[in-house]
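This report refers to the structure that appears directly beneath it.
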Amino acid sequence: MNRIKVAVYGSLRKGHGNHGILEGSKLLGKQRLPNLEMFSLGGFPGIRKGESSILTEVYEVNGSTLEQLDTLEGFRHGSSDSFYDREDVDTDFGDALIYTLQGDRYQGLPIVESGDWSKHSAPTINFNSNT
(Lines give C-alpha, C1' and ligand atoms only; values in the text may rest on other atoms or scores of the structure.)
Protein backbone atom coordinates (compact mmCIF):
# COMPACT_ATOMS: atom_id res chain seq x y z
CA MET A 1 0.00 0.00 0.00
CA ASN A 2 1.40 3.38 -1.06
CA ARG A 3 1.71 5.80 1.90
CA ILE A 4 2.05 9.56 1.46
CA LYS A 5 3.00 12.13 4.09
CA VAL A 6 0.80 15.20 4.44
CA ALA A 7 1.38 18.23 6.66
CA VAL A 8 -1.89 19.80 7.88
CA TYR A 9 -2.26 23.11 9.67
CA GLY A 10 -5.94 24.05 10.02
CA SER A 11 -9.32 22.34 10.13
CA LEU A 12 -7.67 18.94 9.56
CA ARG A 13 -5.67 19.12 12.79
CA LYS A 14 -6.72 17.08 15.79
CA GLY A 15 -9.64 18.72 17.58
CA HIS A 16 -10.96 20.51 14.48
CA GLY A 17 -13.99 19.84 12.30
CA ASN A 18 -12.37 18.07 9.34
CA HIS A 19 -10.00 15.87 11.32
CA GLY A 20 -12.29 12.86 10.78
CA ILE A 21 -10.90 12.51 7.25
CA LEU A 22 -7.58 11.55 8.85
CA GLU A 23 -9.08 8.85 11.12
CA GLY A 24 -7.00 5.73 10.64
CA SER A 25 -4.02 7.72 9.38
CA LYS A 26 -0.81 7.65 11.37
CA LEU A 27 0.22 10.86 13.12
CA LEU A 28 3.98 11.10 12.76
CA GLY A 29 4.27 14.22 14.88
CA LYS A 30 3.97 17.99 15.10
CA GLN A 31 6.40 20.39 13.53
CA ARG A 32 6.70 24.13 13.04
CA LEU A 33 7.61 24.71 9.39
CA PRO A 34 9.59 27.84 8.45
CA ASN A 35 9.15 30.22 5.52
CA LEU A 36 5.36 30.00 5.47
CA GLU A 37 2.71 32.46 6.59
CA MET A 38 -0.89 31.76 7.55
CA PHE A 39 -4.00 33.75 6.66
CA SER A 40 -7.51 33.50 8.08
CA LEU A 41 -10.27 32.86 5.55
CA GLY A 42 -12.86 32.95 8.34
CA GLY A 43 -13.62 29.36 9.36
CA PHE A 44 -10.36 27.95 8.02
CA PRO A 45 -6.83 29.10 7.17
CA GLY A 46 -4.67 29.20 4.10
CA ILE A 47 -0.92 29.49 3.78
CA ARG A 48 1.68 30.67 1.30
CA LYS A 49 5.44 31.12 1.24
CA GLY A 50 6.54 33.90 3.54
CA GLU A 51 8.89 34.92 6.30
CA SER A 52 6.99 33.40 9.21
CA SER A 53 6.39 29.82 10.35
CA ILE A 54 3.33 27.64 10.87
CA LEU A 55 2.52 24.77 13.22
CA THR A 56 1.62 21.51 11.46
CA GLU A 57 0.74 17.92 12.19
CA VAL A 58 2.33 15.45 9.80
CA TYR A 59 0.35 12.33 8.90
CA GLU A 60 1.02 9.28 6.82
CA VAL A 61 -2.04 8.69 4.60
CA ASN A 62 -3.09 6.25 1.90
CA GLY A 63 -4.17 7.17 -1.63
CA SER A 64 -7.88 7.10 -0.80
CA THR A 65 -7.40 9.57 2.06
CA LEU A 66 -5.29 11.80 -0.19
CA GLU A 67 -8.17 11.86 -2.71
CA GLN A 68 -10.55 12.91 0.09
CA LEU A 69 -8.11 15.66 1.12
CA ASP A 70 -7.85 16.87 -2.49
CA THR A 71 -11.65 17.08 -2.70
CA LEU A 72 -11.93 18.95 0.60
CA GLU A 73 -9.20 21.40 -0.40
CA GLY A 74 -10.60 22.00 -3.89
CA PHE A 75 -7.40 20.71 -5.48
CA ARG A 76 -7.51 19.48 -9.07
CA HIS A 77 -4.30 18.29 -10.74
CA GLY A 78 -3.12 20.74 -13.41
CA SER A 79 -6.05 23.12 -12.96
CA SER A 80 -5.49 26.85 -12.54
CA ASP A 81 -8.89 27.21 -10.85
CA SER A 82 -8.05 24.93 -7.93
CA PHE A 83 -8.60 26.66 -4.60
CA TYR A 84 -5.42 25.23 -3.12
CA ASP A 85 -2.25 23.95 -4.73
CA ARG A 86 -0.14 21.10 -3.34
CA GLU A 87 3.53 21.66 -2.65
CA ASP A 88 6.31 19.52 -1.23
CA VAL A 89 7.80 20.53 2.12
CA ASP A 90 10.72 19.08 4.01
CA THR A 91 9.75 17.85 7.48
CA ASP A 92 11.53 15.96 10.24
CA PHE A 93 9.52 12.95 9.04
CA GLY A 94 10.56 13.21 5.38
CA ASP A 95 9.06 15.01 2.41
CA ALA A 96 5.36 15.81 2.81
CA LEU A 97 2.63 17.44 0.79
CA ILE A 98 1.03 20.65 2.05
CA TYR A 99 -1.89 22.63 0.63
CA THR A 100 -1.10 26.27 -0.19
CA LEU A 101 -3.35 29.07 -1.40
CA GLN A 102 -3.22 29.31 -5.16
CA GLY A 103 -2.53 32.64 -6.83
CA ASP A 104 -3.25 35.80 -4.88
CA ARG A 105 -6.18 34.50 -2.82
CA TYR A 106 -4.40 35.72 0.34
CA GLN A 107 -4.64 39.39 -0.71
CA GLY A 108 -6.43 41.45 1.94
CA LEU A 109 -6.83 38.54 4.36
CA PRO A 110 -5.77 38.90 8.02
CA ILE A 111 -2.48 37.21 8.90
CA VAL A 112 -2.50 34.64 11.71
CA GLU A 113 0.60 35.94 13.48
CA SER A 114 1.11 32.86 15.68
CA GLY A 115 1.02 30.48 12.70
CA ASP A 116 -1.04 28.18 14.94
CA TRP A 117 -4.64 27.77 13.78
CA SER A 118 -5.64 26.00 17.01
CA LYS A 119 -4.48 28.97 19.05
CA HIS A 120 -6.11 31.43 16.65
CA SER A 121 -9.47 29.69 16.35
CA ALA A 122 -9.65 28.35 19.95
CA PRO A 123 -12.86 26.32 19.66
CA THR A 124 -15.37 27.00 22.39
CA ILE A 125 -16.52 23.91 24.26
CA ASN A 126 -19.69 24.09 26.31
CA PHE A 127 -19.68 21.44 29.02
CA ASN A 128 -22.96 22.63 30.54
CA SER A 129 -25.88 21.49 28.38
CA ASN A 130 -28.24 23.83 30.28
CA THR A 131 -26.75 27.00 28.79
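The values are calculated or read from the model by the stated rules, or taken from the named source; none is laboratory data. Everything quoted here is computed from the prediction, not taken from an experiment. FYI the Cβ positions are ideal-geometry reconstructions off the backbone, even for glycines, and counts take in every protein chain you see. When the accessible area is computed, the model is the full protein with side chains, heavy atoms only, and any ligands, DNA or RNA have been set aside. Shrake-Rupley method; radii C 1.70, N 1.55, O 1.52, S 1.80 Å.
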Per-residue accessible area for residue 65 at 1.4 Å probe radius, Å² rounded to 10? 10 Å²
To the nearest 20 debye, what is the magnitude of the charge dipole of the range 21-131 about its Cα centre, counting +1 on the Cβ of each Lys and Arg and -1 on the Cβ of each Asp and Glu? 320 debye
Leaving out ligands, DNA and RNA but keeping every protein chain, what accessible area does residue 86 have, in Å² rounded to the nearest 10, with a 1.4 Å probe? 60 Å²
So the carbon and sulfur contribution to the accessible area of the range 1-92, 1.4 Å probe, in percent, is 44 percent
Between 16, 27, 69, whose Cα lies farthest towards the positive end of the dipole of the range 1-76 when Lys and Arg beta carbons carry +1 and Asp and Glu beta carbons carry -1, centred on the Cα centre? 27
List the aspartates and glutamates whose alpha-carbon lies under 18 Å from that of residue 14, not counting same-chain residues fewer than 8 positions away? 23, 57, 60, 73, 116
Per residue of the chain, what 222 nm ellipticity follows from adding -39500 (n - 2.57) for every DSSP H run with n ≥ 4, rounded to the nearest 500? -3000 deg cm²/dmol
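Using only the alpha carbons of the range 61-116, what is the convex hull's orientation-averaged projected area in square nanometres? Write down the numbers at each step before the final one.
Details: hull surface 20.3 nm².
It is 5.1 nm².
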For the chain, calculate the relative contact order in percent as a whole number, restricting contacts to Cα pairs under 8 Å that are 6 or more residues apart. 29 percent
Please label the shape of the range 24-86 as rounded, prolate or oblate, based on the square roots a ≥ b ≥ c of the eigenvalues of the alpha-carbon gyration tensor (a/c under 1.5 means rounded; beyond that, a/b larger than b/c means prolate, else oblate). oblate
How much solvent-accessible surface does residue 14 expose, in Å² to the nearest 10, with a 1.4 Å probe and all protein chains in place? 140 Å²
Whole-number value, in Å³ per residue, for the convex hull of the alpha carbons of the range 1-129 is 122 Å³
Using a 1.4 Å probe and counting only protein heavy atoms, arrange 60, 51 so the residue with the most accessible area comes first. 51, 60
